[in-house]
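S.K.: The structure follows.
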2 protein chains.
Amino acid sequence: MNIVVTYDVNTETKEGRRRLRRVAKICEDYGQRVQYSVFECSVEPMQMDAMLAALSDEINTELDSLRIYRLYGQRSGAVYTLGRDSYRDFSAPLVI
Amino acid sequence: MNIVVTYDVNTETKEGRRRLRRVAKICEDYGQRVQYSVFECSVEPMQMDAMLAALSDEINTELDSLRIYRLYGQRSGAVYTLGRDSYRDFSAPLVI
């Protein structure tokens with residue numbers, strides 16, 4: 001399934017800045033960064049569970065906000081971009 | 001249709017900070033802010049066209065990135081949140 005992960009982590013403290021790095025690292029393990037705090041991931045249900053467990057361990061639920069949006073159907077029909085777009089479709093055939 | 005708007009606006013210049021404010025203002029006209037640069041909007045096709053036109057006028061396509069994700073089906077089945085969640089369902093019946 002295709003998902004979009006967005007987060008606001010409170011970075012007023014050293015601990016918050018550590019959480020931010022770890023949340024980003026977890027998201028990088030499962031997908032690609034498309035904006036500063038927005039990731040797109042293509043995951044299987046078991047991977048989703050593992051990702052959620054890891055993120056739940058990091059997020060401070062009082063201070064931070066994390067949202068996961070599930071994209072149904074073809075990704076191309078669910079995403080519109082304007083301006084810079086760093087997304088790379090790794091599922092597309094590699095042309096050498 | 002339910003959409004999610006995320007953006008990274010380059011704020012290194014005064015002009016960039018002005019763009020950021022105007023992009024946020026446009027998004028506020030069509031929906032609600034759920035994270036610092038993430039909005040959720042429920043729009044009709046004509047509203048979507050008007051919103052895109054307004055955003056296209058503001059975004060610097062060399063410096064900024066704006067993404068719009070379309071959520072299909074029920075919103076409740078497409079959104080998972082962890083931590084702070086400022087979303088208000090204005091379509092729900094008002095209980096006084």
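S.K.: Please tell me if B:Val5 is open to solvent by less than 30 Å² (accessible area, probe 1.4 Å) and within 8 Å of the chain's Cα centre (by Cα).
M.R.: So B:Val5 passes the test.
S.K.: Looking only at segment B:70-92, which residues are farther than 28 Å from A:Gly83 by Cβ and under 17 Å from the mean Cα position of the chain (by Cα)?
M.R.: Result: B:Arg88, B:Asp89, B:Phe90.
S.K.: Let me ask something else about it. Of everything in segment A:42-69, what is facing another protein chain (nearest Cβ under 7 Å) and either within 11 Å of the chain's Cα centre (by Cα) or surrounded by fewer than 14 Cβ atoms within 10 Å (Cβ to Cβ) (or both)? Give them in sequence order.
M.R.: A:Leu55, A:Ser56, A:Thr61, A:Leu66, A:Arg67, A:Ile68, A:Tyr69
S.K.: Just checking, how many residues over segment B:43-96 are touching a Phe, Trp or Tyr at 6+ places or on another chain (Cβ under 9 Å) and hydroxyl-bearing (Ser, Thr, Tyr)?
M.R.: Of the residues in segment B:43-96, 5 are touching a Phe, Trp or Tyr at 6+ places or on another chain (Cβ under 9 Å) and hydroxyl-bearing (Ser, Thr, Tyr).
S.K.: Pairs needed: first member in segment B:46-70, more than 20 Å from A:Thr6 (Cβ to Cβ) and among the β-branched types (Val, Ile, Thr); second member anywhere, assigned to a loop (DSSP other than H, G, I, E, B) and open to solvent by 80 Å² or more (accessible area, probe 1.4 Å); C-beta distance under 8 Å; at least 6 residues apart or different chains.
M.R.: These pairs meet every condition: B:Thr61/A:Arg84.
S.K.: When B:Met1 is evaluated against the numbered criteria (1) facing chain A (nearest Cβ under 10 Å); (2) touching a residue at least 60 places away in the same chain (Cβ under 8 Å); (3) not charged (D, E, K, R), which criterion, by number, is the only one it fails?
M.R.: Among (1) facing chain A (nearest Cβ under 10 Å); (2) touching a residue at least 60 places away in the same chain (Cβ under 8 Å); (3) not charged (D, E, K, R), the lone unmet condition for B:Met1 is (1).
S.K.: Within segment B:18-41, work out how many residues are over 19 Å from B:Leu71 (Cβ atoms), open to solvent by 30 Å² or more (accessible area, probe 1.4 Å) and within 12 Å of another protein chain (Cβ to nearest Cβ).
M.R.: The total comes to 1.
The values are calculated or read from the model by the stated rules, or taken from the named source; none is laboratory data. None of the values given here were measured: they were computed from a predicted structure. FYI the Cβ positions are ideal-geometry reconstructions off the backbone, even for glycines, and counts take in every protein chain you see. Surface accessibility is based on the protein's heavy atoms, side chains included, excluding ligands, DNA and RNA. Shrake-Rupley method; radii C 1.70, N 1.55, O 1.52, S 1.80 Å.
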